[in-house]
1. Identify, from the list B:Glu91, B:Glu110, B:Glu104, the residue that is farther than 23 Å from A:Val165 by Cβ and more than 9 Å from chain A (Cβ to nearest Cβ).
2. For residues that are closer than 18 Å to A:Asp108 by Cβ and within 14 Å of chain B (Cβ to nearest Cβ), scanning just the range A:14-67, find the one that is surrounded by the most Cβ atoms within 10 Å (Cβ to Cβ).
3. Taking the condition of being open to solvent by 10 Å² or more (accessible area, probe 1.4 Å) and either out of contact with any helix residue (DSSP H, G or I) (no Cβ under 7 Å at 6 or more places or on another chain) or among the β-branched types (Val, Ile, Thr) (or both), how many residues in the range A:1-10 meet it?
4. Condition first: among the β-branched types (Val, Ile, Thr), within 14 Å of another protein chain (Cβ to nearest Cβ) and under 21 Å from the mean Cα position of the chain (by Cα). Can you find one or more residues in the range A:199-220 that meet it?
5. Go through (1) of a type in the set (Val, Ile, Thr); (2) under 18 Å from A:Glu263 (Cα atoms); (3) surrounded by fewer than 21 Cβ atoms within 10 Å (Cβ to Cβ) one by one and return the number of the condition A:Ile406 breaks.
6. Can you find even one residue in the range A:215-234 that is modelled with pLDDT of 95 or more, under 30 Å from A:Arg6 (Cα atoms) and open to solvent by less than 10 Å² (accessible area, probe 1.4 Å)?
7. Have a look at A:Glu40, A:Glu48, A:Glu67 and point out the one that is out of contact with any Pro (no Cβ under 8 Å at 6 or more places or on another chain), charged (D, E, K, R) and at pLDDT below 95.
8. Somewhere in the range A:161-170, is a residue at the interface with chain B (Cβ under 9 Å from one of its Cβ atoms), at pLDDT 80 or above and not in a helix (DSSP H, G or I)?
Amino acid sequence: MRKKSRHVAVVGCGQTKHSSRRRDVTLPEMVSQAVFAALEDAKIDPGEVDAFMVGNMQGFGGVAQPEQWIGDWIGASDKPVIRIATGGTTGGSVGQAAYYAAASGLYDVVVGTAWEKHSDSAEPGATTGLMHVGLANVFYALTKGFSLKNVMTASVAGAAAGVAVYQARFYMNRSGCKIEHLDAVAAKCRRNAAKNPYAHLQWPGCTPEDIAATELIAYPFRYGHVCPASDGASAIVVASEDFVRRRCEKPVWIKGLASYTDEENNLQAENWSGVGVLDPSEQMGCRVSAMKAYEMAGIKNPREEIDVAEIYQPFPSQELIFAERCGLFDPGTAWRAVESGDIEIEGKMPLDPSGGVNATNAIGSSALQRILEAALQVRGDAGEHQVPKKVKNAIATGWGGNTNYITFTVLGDEPGPRRW
Amino acid sequence: MGYIKDERPTTMMVGGSWNIGAYKYKANGLLDEYLEGLKEKKLIGSMCMGCGKVIVPPRLVCGRCHREMTERVVVSDKGTVTTFVVSPPIEKGKVKAMGMDAVELGLFTEGEVIMPAYVQFDGADCNLNLLILDADPKDVCVGMRVEAVWAENPVGALSDIEGVRPIPMECGGLDENQKKG
């Protein structure tokens with residue numbers, strides 16, 4: 001008979017303060033801050049950890065193998081360390097890998113940690129990192145008459161922001177969402193971040209008008225809409241059900257999870273071929289991930305059963321796009337919840353009470369932070385940005401790859417309906 | 001918490017650089033078929049015999065059906081804008097790539113407004129990223145009909161298509177909402 005997997009819970013959460021320049025710490029020091037905070041939170045001795053899942057954006061900060069340094073800083077000597085890099089979803093993949101390691105029965109206590117230290121590079125996004133995302137393709141195109149003017153045109157729209165700005169207009173055109181709604185979402189993120197001591201862009205009392213007054217980068221995105229490049233790290237400790245029963249007071253169960261991809265959304269596939277996704281706001285990978293994870297978690301009606309969502313949203317349009325894809329709103333209607341205030345901390349469907357990626361973006365860490373923040377909400381330990389209702393279920397997403405990878409995690413106060 | 005040493009409140013700054021230019025990649029060469037087409041002002045795509053999707057430039061395997069896309073088709077050089085970006089007036093020092101400045105190089109003029117767009121050419125099931133030329137930003141909208149602006153003497157390079165421009169006769173009939181789109 002096939003052996004079933006074990007239930008797994010998040011039993012510890014730790015993160016560092018995020019800011020644009022963490023010059024007070026080196027990379028390993030920063031990561032160790034988050035890991036030891038999580039272990040303290042879990043009341044688990046570093047010696048009890050069986051394995052570590054670690055990750056950040058590949059090559060960012062000019063360090064291709066940061067795990068070679070951090071091992072002894074986080075107490076991982078003589079223990080399995082697996083490094084994971086899946087672009088923007090890295091943190092989500094790290095969190096899910098920690099789940100699998102414990103659910104499989106191989107390990108009882110697993111630490112997942114993810115980070116980014118943007119300020120170690122002279123350029124935001126770090127040439128060595130961001131260029132590597134599509135370097136082969138760009139070089140290939142340059143040899144085939146892709147001119148310098150084409151490169152400059154791409155940089156007008158601006159790398160990742162460029163992908164998102166096209167995506168935003170697709171969404172706005174088919175949904176009726178206006179730039180004012182994006183202003184309101186961004187303002188909400190800044191206000192929520194002000195209640196989160198670890199967040200980066202904190203702006204108490206920020207209004208949509210404050211955001212609307214910022215410079216227009218490329219319609220519909222203003223300066224005030226865009227996420228910062230943050231330095232910071234986050235870590236979670238997960239444990240198997242046997243360990244949880246013996247040792248843990250406030251477990252947050254990982255009830256369901258999925259990570260599906262769609263085909264590339266971002267114009268040019270390998271070898272400069274075209275891609276078959278016409279509308280990059282379609283995000284079919286998120287739809288599939290959500291359906292699979294809800295099924296695993298026994299969630300039948302996400303609108304009723306999900307109490308809070310931590311969505312990966314570097315840009316305000318993505319908070320709305322992904323909230324719909326997660327089944328929290330009908331397609332093309334999430335912007336109405338902006339008008340009604342439903343997405344506020346005290347609203348009916350709070351989105352990113354922590355401020356989300358829009359307020360804090362240490363890229364590798366961002367998707368793990370969503371899982372961490374969702375866990376805090378379920379525990380009731382989110383502090384000032386805790387939603388004022390009983391949280392039974394929360395979701396956490398990640399978005400990365402070539403804008404087509406998704407991680408989706410459902411957390412709750414009880415284990416999922418069955419073992420897998 | 002962690003191993004932060006009190007006697008060292010800030011990190012040392014150590015500079016360094018990394019030459020990232022020394023790689024050799026393998027390309028499958030399918031793009032050459034597309035470039036040959038450009039010489040004759042033709043847009044060549046590959047068709048999936050499983051789902052019927054046409055992808056430009058040609059692609060080896062269909063992303064959804066995973067079938068080899070062996071058929072070649074020529075799509076129209078007229079199409080529709082599916083999304084677009086309007087830049088603010090370009091200023092010196094603001095548009096840079098690989099350490100070079102676009103205005104200094106004369107690629108764009110100071111104050112110029114550029115409009116990169118996704119264009120779906122008729123018969124294709126994908127977008128191409130091209131500049132909208134000869135148009136007032138106020139008149140550009142999603143759903144706008146455009147045609148390719150070809151280089152005078154195409155040589156079989158990606159730059160043979162300079163961009164797209166509106167087809168005036170096919171532009172009308174959009175309501176105000178679509179224009180704001």
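1. Values: B:Glu91 fails: farther than 23 Å from A:Val165 by Cβ; B:Glu110 fails: farther than 23 Å from A:Val165 by Cβ.
Within the list B:Glu91, B:Glu110, B:Glu104, the selection yields B:Glu104.
2. Within the range A:14-67, the subset closer than 18 Å to A:Asp108 by Cβ is A:35, A:38-39, A:41-53.
When the remaining residues are screened for being within 14 Å of chain B (Cβ to nearest Cβ), the result is A:35, A:38-39, A:41-42, A:46.
On the way: A:Val35: 32, A:Ala38: 26, A:Leu39: 24, A:Asp41: 20, A:Ala42: 27, A:Pro46: 13.
Looking at the filtered set, the residue picked out is A:Val35.
3. Start the filter on the range A:1-10 by keeping residues that are open to solvent by 10 Å² or more (accessible area, probe 1.4 Å), which leaves A:1-7.
Next cut, either out of contact with any helix residue (DSSP H, G or I) (no Cβ under 7 Å at 6 or more places or on another chain) or among the β-branched types (Val, Ile, Thr) (or both) only: A:1-4.
Final tally of qualifying residues: 4.
4. Just the residues of the range A:199-220 that are among the β-branched types (Val, Ile, Thr), to begin with: A:207, A:211, A:214, A:217.
Filter once more, keeping what is within 14 Å of another protein chain (Cβ to nearest Cβ): A:214, A:217.
In the following step, the residues that additionally are under 21 Å from the mean Cα position of the chain (by Cα) were identified as none.
No, because not a single residue in the range A:199-220 is among the β-branched types (Val, Ile, Thr), within 14 Å of another protein chain (Cβ to nearest Cβ) and under 21 Å from the mean Cα position of the chain (by Cα).
5. So A:Ile406 meets the others, but not (3).
6. Checked against the condition, which is being modelled with pLDDT of 95 or more, under 30 Å from A:Arg6 (Cα atoms) and open to solvent by less than 10 Å² (accessible area, probe 1.4 Å), the range A:215-234 yields at least one hit.
7. Checking each option against the conditions leaves just A:Glu67.
8. Restricting attention to the range A:161-170, the residues satisfying the condition of being at the interface with chain B (Cβ under 9 Å from one of its Cβ atoms) are A:162, A:165-170.
Now restrict to residues that are at pLDDT 80 or above: A:165-170.
Retained after the next criterion (residues that are not in a helix (DSSP H, G or I)): none.
No, the range A:161-170 has no match at all.
The values are calculated or read from the model by the stated rules, or taken from the named source; none is laboratory data. Every value quoted in this text rests on a predicted model; they were computed, and no experiment measured them. Methodologically, a virtual Cβ is constructed for each residue, glycine included, from the backbone with ideal geometry; neighbour enumeration extends over all protein chains shown. Heads up: the accessible areas ignore ligands, DNA and RNA and are worked out on the full protein's heavy atoms, side chains in. Shrake-Rupley method; radii C 1.70, N 1.55, O 1.52, S 1.80 Å.
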